[in-house]
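One structure is given below, encoded as structure tokens.
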Amino acid sequence: MGLLAELTHRCPLRCPYCSNPLELSRASAELDADTWGRVFHEAAALGVLQLHLSGGEPAVRRDLEAITAHAAAAGLYSNLITSGVMLDGARLRALAAAGLDHVQLSVQDAEATSADRIGGLRGGHERKLRFAAEVRDAGLPLTLNAVVHRQNLDRLDQLIELALQLGAGRLEVAHVQYYGWALRNRDALLPTRAQLDAATAMVEAARGALTGRLVIDYVVPDYYAARPKACMGGWGRSFLAVSPAGRVLPCHAAESLPGLHFPNVRDLSLADIWTGSDAFNRFRGTDWMPEPCRGCDRREQDWGGCRCQAFALTGNAGRTDPACALSPDHHLLDLAVRDAAAATTDFTYREMGRAG
Ligand code: SF4
Ligand code: FES
């Protein structure tokens, strides 16, 4: 099992596809390091092996070293998901000494001007490159996470080259997922079919050429797929997220879904929430499924796709994911692609206190 610990929603970047909810948590609501420590021990007892320390930007937390030490004490494999712009070599070495196992660095593009525009932070890209060198010097394994979309997908070859230059062992080419901030910016972000086909062919060629040097993760994005992905490996099956304020979620975007109550680690143990909460049980397994999923032989492979995407596109989290070509709502994706191709919109950047 995996646990995503969202330590904070605070972040110096303002990416228009941010996976955080539109309503961002304030610093005053964040769990303290000792509470995170208790959560990590409860997670380990539940069977969690992998811990992702995320945000926002987790390095905003002055107590990140203490939080990391708690993760190590609980026996979890810790992965720091960071923008890299707030960490220097000294702090990175302190995190390594506290037991950090792995670093995942996000980049917004392969070239600085575009990367800084997308991330909304001047000079950010340069700082990321310096940080990647520090990760190498600290002896920590590095994954490069490149979120791709219409405005950077044509530079995928340069992103692959960048991963090699930075000494990453893995490159995640992550197509934007359209909920939260990304849904708001969908018209500015959706790639064209021609871009997607070129990128897919490029990844296939690079995988062959770089075997043994770089692992490339890549999944065809939902808006061009015929079948959905098993989002989170299936709702309530192997993944849970804890929000900065302590709410326990079946996925990082679940707070966008109306009508679900998410219990808090301040009130209940992780095990009680995992097994007993209405939110985890609502879409767990196959009993909740409507047709066509109910009678489909893929229902225990993709678990009906993504609940957040179903809600974002249809207003009903209990419908089949429109990414599935068997869904009666599948045409909504074609309409979105057509609308995006005709649109000329700028980004709405993520901001604290700007949900509407
Ligand atoms: Fe998956 Fe449902 Fe589509 Fe079948 S009908 S492939 S279970 S989303
Ligand atoms: Fe929430 Fe897919 S992101 S279920």
> For residues in region 275-311 being touching a Cys at 6+ places or on another chain (Cβ under 9 Å) and not in a loop (DSSP other than H, G, I, E, B), which is nearest to Tyr224 (Cα to Cα)?
Replying inline: Gln309
> Which number in (1) modelled with pLDDT under 95; (2) farther than 28 Å from Gly233 by Cβ marks the one condition that Ser19 misses?
Replying inline: (2)
> All but one of (1) away from ligand 2 (no atom under 15 Å from the Cβ); (2) among the acidic types (Asp, Glu); (3) buried (at least 18 other Cβ atoms within 10 Å of the Cβ) hold for Asp339; which doesn't?
Replying inline: (3)
>> Tell me yes or no: at least one residue of region 106-117 is within 20 Å of Arg213 (Cβ to Cβ), within 20 Å of the chain's Cα centre (by Cα) and not charged (D, E, K, R).
In response: yes
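Looking only at residues that are assigned to a loop (DSSP other than H, G, I, E, B) and under 14 Å from the mean Cα position of the chain (by Cα) in region 230-251, which one is surrounded by the most Cβ atoms within 10 Å (Cβ to Cβ)?
Checking each candidate, the answer is Pro250.
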> Out of region 163-197, which residues are among the small types (Gly, Ala, Ser) and either in a helix (DSSP H, G or I) or within 16 Å of ligand 1 (Cβ to nearest atom) (or both)?
Replying inline: Ala163, Ala182, Ala188, Ala194
>> Restricting to region 315-332, give me the number of residues that are surrounded by 22 or more Cβ atoms within 10 Å (Cβ to Cβ), of a type in the set (A, V, I, L, M) and under 12 Å from Ala225 (Cα atoms).
In response: 1
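Every residue in region 29-49 that is in a loop (DSSP other than H, G, I, E, B) and of a type in the set (A, V, I, L, M), please.
Leu31, Val48, Leu49
Can you confirm whether region 198-209 contains a residue that is over 21 Å from Arg319 (Cβ atoms) and within 16 Å of ligand 1 (Cβ to nearest atom)?
Looking for residues that are over 21 Å from Arg319 (Cβ atoms) and within 16 Å of ligand 1 (Cβ to nearest atom), one finds none in region 198-209, hence no.
The values are calculated or read from the model by the stated rules, or taken from the named source; none is laboratory data. Just so we're clear, the structure is a prediction, and the values are computed from it rather than from any experiment. Backbone-built Cβ (ideal geometry, glycine too); neighbour counts: all protein chains shown.
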